[in-house]
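Below is one structure, written out as structure tokens; the observations come after it.
Here, each number is a calculation from the coordinates, and none is a lab measurement. Not measured: the values here are computed from a predicted model. Cβ sites come from the backbone with ideal geometry, for glycine too, and all protein chains shown count toward neighbours.
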Amino acid sequence: MSYNLLKGKRGVIFGALDENSIAWKTALKVHEEGGKFTLTNAPIAMRMGKINELAKTCNTEVIPADATSEQDLNNLFTKSQEMLGGKLDFVLHSIGMSPNIRKGKEYGDMNYEWYLKTLDISALSFHKILQTCEKLDALNEYASVVGLSYIAAQRAYPDYTDMAQAKAMLESIARSYGQRYGSKKKVRVNTISQSPTKTTAGAGISGFDVFFDYADLMSPLGNATAEDCANYIVVMFSDLTRMVTMQNLMHDGGFSSSGITDALVERLTK
Ligand SMILES: NC(=O)c1ccc[n+]([C@@H]2O[C@H](COP(=O)([O-])OP(=O)(O)OC[C@H]3O[C@@H](n4cnc5c(N)ncnc54)[C@H](O)[C@@H]3O)[C@@H](O)[C@H]2O)c1
């Protein structure tokens with residue numbers, strides 16, 4: 001069911017790789033709610049993924065951009081405004097990648113070149129996007145910029161390795177840039193801290209199935225799905241959340257406020 005929450009709004013959605021991606025589900029919801037947008041992903045992901053199928057469904061186009069390249073971002077935001085016919089109202093940063101995790105490196109054996117890549121792709125890109133938008137004056141007042149985070153920014157998870165630092169940095173950028181952009185142009189910047197979700201990025205982390213099940217048992221509402229997350233993002237893009245900025249918003253079925261749950265006690269009782 002559509003509420004037309006995003007009618008007349010324009011934006012850019014980063015990170016739709018396949019139908020499991022949080023960004024993919026978000027694009028479908030934003031389309032359903034009347035928003036218009038361009039899709040983007042890294043050139044290499046374009047060859048592997050199916051983003052063109054999604055573009056067809058949403059009646060839009062794909063503009064390739066490596067989110068670490070200022071030149072690509074400049075081109076993306078310039079072209080998106082041209083194609084969509086004006087300044088933008090929403091941006092989704094749904095980007096994460098750690099070469100150390102991908103290559104199975106332990107936290108005590110980090111490759112530092114890859115570590116910097118993790119931070120550049122998964123966190124600094126958020127700053128680059130915001131700075132590009134500010135320099136191009138690409139965003140309307142009360143535009144909403146959302147990044148996706150994970151609770152490993154606050155708590156230690158052994159297999160999340162350098163991505164934990166990337167998420168802490170991502171959340172920090174949301175606060176610092178949110179303050180700057182809010183006072184200059186009334187632009188809102190937030191992160192959403194999402195439950196473990198079965199996607200390409202999620203499943204790449206070793207032991208994922210175990211902490212997926214653990215989080216499910218530790219959350220009174222269970223894990224939030226990618227589709228639930230897409231719904232929340234739509235609300236964050238809408239005018240219903242005009243005064244929300246500089247926040248890390250927990251979207252986790254209650255996980256982050258639970259000490260232990262009956263479901264977990266039952267599972268662990270010998
Ligand atoms: N899956 C989970 O359990 C989970 C939980 C909390 C937060 N998140 C976060 O949600 C976001 C989306 O991940 P997802 O789970 O949908 O997985 P996904 O693998 O579908 O999406 C990750 C995307 O990042 C893109 N990407 C990688 N390098 C890039 C670059 N240099 N430039 C542009 N794009 C690049 C990939 O192509 C891919 O589309 C990530 O920030 C992830 O950390 C995921």
**Asked** Residues of segment 74-101 being of a type outside the set (A, V, I, L, M), crowded, with 19+ Cβ neighbours inside 10 Å and touching a strand residue (DSSP E or B) at 6+ places or on another chain (Cβ under 9 Å), which ones?
**Response** Phe77, Ser80, Gln81, Asp89, Phe90, His93, Ser94, Gly96
**Request:** Quickly run through segment 22-55 and pick out the residues that are over 19 Å from Ala224 (Cβ atoms) and among the aliphatic types (A, V, I, L, M).
**Result:** Leu39, Ala42, Ile44, Ala45, Met46, Met48, Ile51, Leu54, Ala55
**Prompt:** Only one of (1) assigned to a helix (DSSP H, G or I); (2) among the polar types (S, T, N, Q); (3) touching a helix residue (DSSP H, G or I) at 6+ places or on another chain (Cβ under 7 Å) is not met by Ser80, so which one is it?
**Reply:** (3)
**Asked** From the residues in segment 82-99 that are in contact (Cβ under 8 Å) with a residue 60 or more places away in the chain and more than 10 Å from the ligand (Cβ to nearest atom), which one is nearest to the chain's Cα centre (by Cα)?
**Response** Val91
**Item:** Check on Ala55, closer than 21 Å to Ala123 by Cα and either more than 16 Å from the ligand (Cβ to nearest atom) or not β-branched (Val, Ile, Thr) (or both)
**Value:** no
**Selection status of Gln71, more than 20 Å from the chain's Cα centre (by Cα) and within 14 Å of the ligand (Cβ to nearest atom)** = yes
**Asked** Given (1) more than 9 Å from the ligand (Cβ to nearest atom); (2) closer than 22 Å to Gly8 by Cβ, where does Thr40 come up short, assuming only one miss?
**Response** (1)
**Prompt:** What residue, among those in segment 2-28 that are in contact with an Asp or Glu (Cβ under 8 Å, 6 or more places away or on another chain) and of a type in the set (D, E, K, R), is farthest from His93 (Cα to Cα)?
**Reply:** Lys7
**Prompt:** Looking at Thr199, is it within 13 Å of the ligand (Cβ to nearest atom), over 12 Å from the mean Cα position of the chain (by Cα) and surrounded by 15 or more Cβ atoms within 10 Å (Cβ to Cβ)?
**Reply:** yes
**Prompt:** Is at least one residue of segment 252-262 free of Cβ contacts under 8 Å to residues at least 40 places away in the same chain, within 24 Å of Ala143 (Cβ to Cβ) and outside any loop (DSSP other than H, G, I, E, B)?
**Reply:** no
**Filtered residue count, segment 45-73, keeping only those that are closer than 14 Å to Cys133 by Cβ and surrounded by fewer than 17 Cβ atoms within 10 Å (Cβ to Cβ)** = 1
